[in-house]
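Since every read-out is calculated from the coordinates, none of them should be taken as a lab result. Just so it is clear, the structure is predicted and the values come from calculations on it, not from any experiment. Quick reminder, even Gly has a Cβ in these numbers, built from the backbone with ideal geometry, and neighbours come from all protein chains shown.
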Amino acid sequence: MLKCMVFDMDGTLLDTERLAVQFWVDMAKECGVDLPLEFVIGCCGRPRGDIVERYRKYYPALPVEEAMENRDQWWLDQAAKGLIHTKPGAEEVLAYLKEKGLKAVIATSTPYARAVTELTELGLFPYLDGIVSGDMVSPGRGKPAPDIFLLAMEKMGFSPEECMVVEDSESGCMGGVASGARTVMIPDQRQPGEELREKLYLCLDSLTDLIPVVDELAGK
């Protein structure tokens, strides 16, 4: 029986991935580097250290450490301008889970302090039972490794069989599948490849599409 929902944050509950992608595309143009959109999207959902290593390896001409520092301030500016929003149906789904007595926990590569701030400012924090962030798992064990999802489930006191992971990115979904939990993808920047799609429990169009699925699996 389903007892706990494990949500990614950026791109799943918050409409932030498009902003992150645009940051890297604009930064690369300023540096005169031809950065394929597919590469940028492929970094979505990955932990900070992993992103840095990938840019160092494939695009060494980019000042990636400086870009990361600039991104932190840039992100604060986007929030101050009110440009960060929830995804359609985010509050509705979380409120539904709270009403039904199911647990909802966040598993995000975003640092804990920023996650709390954004979720609080956007009104989602009161619906949550916990937040597990990328800085809580061992270096090199972020998504697509399953560690962050397993830690979230452990903190909630449930087995993978009692949980569902909800993600928007391929790397996140790979981690969810590897955790042993049912994994649902709600694509943001890119649709799943055929190999990943076959491993998913479901691929849905929106967060609100989760409600009848949860109803069936939770037996409530």
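Tabulated data
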{"quantity": "Net charge of neighbours whose Cβ lies under 11 Å from the Cβ of residue 188, counting Lys and Arg as +1 and Asp and Glu as -1", "calculated": "-4"}
{"quantity": "Cα→Cβ-extended label distance, 7 Å offset, between residue 100 and residue 135, nm", "calculated": "3.3"}
{"quantity": "Fully extended contour minus Cα-Cα distance, from residue 54 to residue 205, at 0.36 nm per residue", "calculated": "51.4 nm"}
{"quantity": "The range 17-80: proportion of alpha-carbon pairs further apart than 17 angstrom, %", "calculated": "33"}
{"quantity": "Neighbourhood charge, 12 Å Cβ-Cβ cut-off, centred on residue 7 and excluding it, Lys, Arg +1 and Asp, Glu -1", "calculated": "-3"}
{"quantity": "Zone of residue 81's modelled label, taken as backbone nitrogen in the range 23-41 under 11 Å from a point 7 Å along Cα→Cβ", "calculated": "23"}
{"quantity": "Net +/- balance of residues flanking residue 169 in space, Cβ distance below 10 Å, scoring K and R +1, D and E -1", "calculated": "-4"}
{"quantity": "Point-charge dipole on Cβ atoms (K/R +1, D/E -1) for the chain, about Cα centre, debye to 20", "calculated": "380"}
{"quantity": "Of 36, 58, 175, farthest towards positive along the dipole that unit charges on Lys, Arg, Asp, Glu beta carbons give the chain", "calculated": "175"}
{"quantity": "Gained length - residue 72 relative to residue 31, 0.36 nm times residue gap less alpha-carbon distance", "calculated": "12.9 nm"}
{"quantity": "Cβ crowding within 10 Å averaged over residues, with 103-112, 67-76, 190-199, 48-57 ranked highest first", "calculated": "103-112, 48-57, 67-76, 190-199"}
{"quantity": "The range 17-80, dipole about Cα centre (Lys/Arg Cβ +1, Asp/Glu Cβ -1), debye to the nearest 20", "calculated": "200"}
